[in-house]
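Notes follow the structure.
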């Protein structure tokens, strides 16, 4: 099951040229970009790992794309995303975030039903990948 | 580049016998303006200007060749500026970024000026990320390494400068279309630096030497500076300045245009004190005029030693 989240979740995966244009757009707006990765694809997992430092003061997309490629190379079987942080007073949060790398095989999510008192059922989703310990998931 | 590429994608006649108008390309790239500005704002430096013209011509011809479907390898444009202090190396580097941007060789046209401290780390494993960080910042523009010979310190074998040089070499080779590296420094030291790093020397296509300025050129520079600072001098004061330059050139630690700037700055100080002592009401002309006595008070005329 193909995991989607973030800004372009409704589109097929972006090509490098498309990623470059998106990064250019972010740089034009003065946003700081960063690269993050994880092997826990649950949609509520907001704690992805940073790949290197967030990149301030960059003028050109080539430097960021290189960082993206370095991350994909280091973690070929992880999810990789690019974040654009807007430091403007009053915003101070992410403006844009999109997935740029994913594992070859994505096992998807299982639905767990918990039977509670009075025939009540609680639902929760759990990624099959997280059955195994971190670092050995994909 | 936008205007230029529009111009270039327009086919002229049929493929084999079509003609290409260089003049047209030259105008649409607006490089002429930058080159003229260079001529106006930089005095002397004939070999430097010639080289910049050559490079501009090559890049323009290349863009036309590309249009004709001929093979164009992006030329290597890493440069090495050598010359005595105050001969305009940094100024030209700044201009270079703009020219290369206009010609469409680099994408952004900014200049990142660094020295050894920005590239070399303090402990093991600190240098590589630091250098890469700087290179990343310079991408799409020009990386200007001032006093590059400090990177290599042969007397200390545990120095991390070598590591920075190696990364630099690698990047200059692999990311040639992403950034242009310009090294700068005094001539003799740069030569020694290249002798111990032959790989670096051969990867730099353009070694440009900045000649010292003649007395006349320095006077022209002084006038240009005065004009920029909105000060003025009478013809007699200008003669005094000429004499000052002649004397100053013979003294130690002469740093070409930089010495002239310092001299003018000191003259401004004296002018300010003089105006202050007068305590009369001042006209705009008073505020602008640097008098002969402001220059004459310099130690260059008396003791023969100066800073």
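Values quoted throughout were computed directly from the atomic coordinates according to the rules given, and no laboratory measurement underlies them. As the structure is a computational prediction, the values presented were derived from the model and not from experiment. All Cβ positions, even for glycine, are placed from backbone atoms using ideal geometry, and neighbour counts span all protein chains on display.
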Only bridges with both residues in chain B count here: give the DSSP antiparallel percent, nearest 5. 0 percent
Classify region A:16-106 as rounded, prolate or oblate from the Cα gyration tensor: take a ≥ b ≥ c as the square roots of its eigenvalues, call it rounded if a/c is under 1.5, otherwise prolate when a/b beats b/c and oblate if not. oblate
For a test of the definition: using alpha carbon positions, the gyration tensor, and the 1.5 limit on a/c, classify chain B as rounded, prolate or oblate. oblate
Measure out, as a whole number of angstrom, how far apart the alpha-carbon centroids of region A:1-76 and region B:201-254 sit. 51 Å
Rounded to the nearest 0.05, what FRET efficiency do residue A:9 and residue A:91 have when you use their Cβ-Cβ distance and R0 = 25 Å? 0.70
Debye calc, one equal point scatterer per Cα of the protein assembly as shown, no solvent, log10 I(q)/I(0) at q = 0.07, 0.08, 0.14 1/Å comes to -0.54, -0.68, -1.30
Quickly estimate the mean residue ellipticity at 222 nm for chain B, helices only: each DSSP H run with n ≥ 4 gives -39500 (n - 2.57), and the total goes over all residues, rounded to 500. -17500 deg cm²/dmol
Only counting other Cβ atoms within 10 Å, I'd like B:112, B:142, A:3 sorted with the fewest neighbours first. A:3, B:112, B:142
So what is the 222 nm mean residue ellipticity for chain A from helices alone, if each DSSP H run of at least 4 adds -39500 (n - 2.57) and you divide by all residues, rounding to the nearest 500 deg cm²/dmol? -6500 deg cm²/dmol
Degrees separating the helix B:89-102 axis from the principal Cα axis of chain B, which is the longest one: 40 degrees
Please say if region B:232-307 is rounded, prolate or oblate, where rounded means a/c under 1.5 for a ≥ b ≥ c the square roots of the C-alpha gyration tensor eigenvalues, and otherwise the choice is prolate for a/b larger than b/c and oblate otherwise? prolate
Inter-site label distance for residue B:268 and residue B:30 at 7 Å from Cα along Cβ, in nm: 3.0 nm
How do the peptides A:127-133, A:20-26 rank, highest first, by the average count of neighbouring beta carbon atoms within 10 Å per residue? A:20-26, A:127-133
How shielded is B:136-143 by partner chains, expressed as the average number of their Cβ atoms within 10 Å of its Cβ atoms? 5
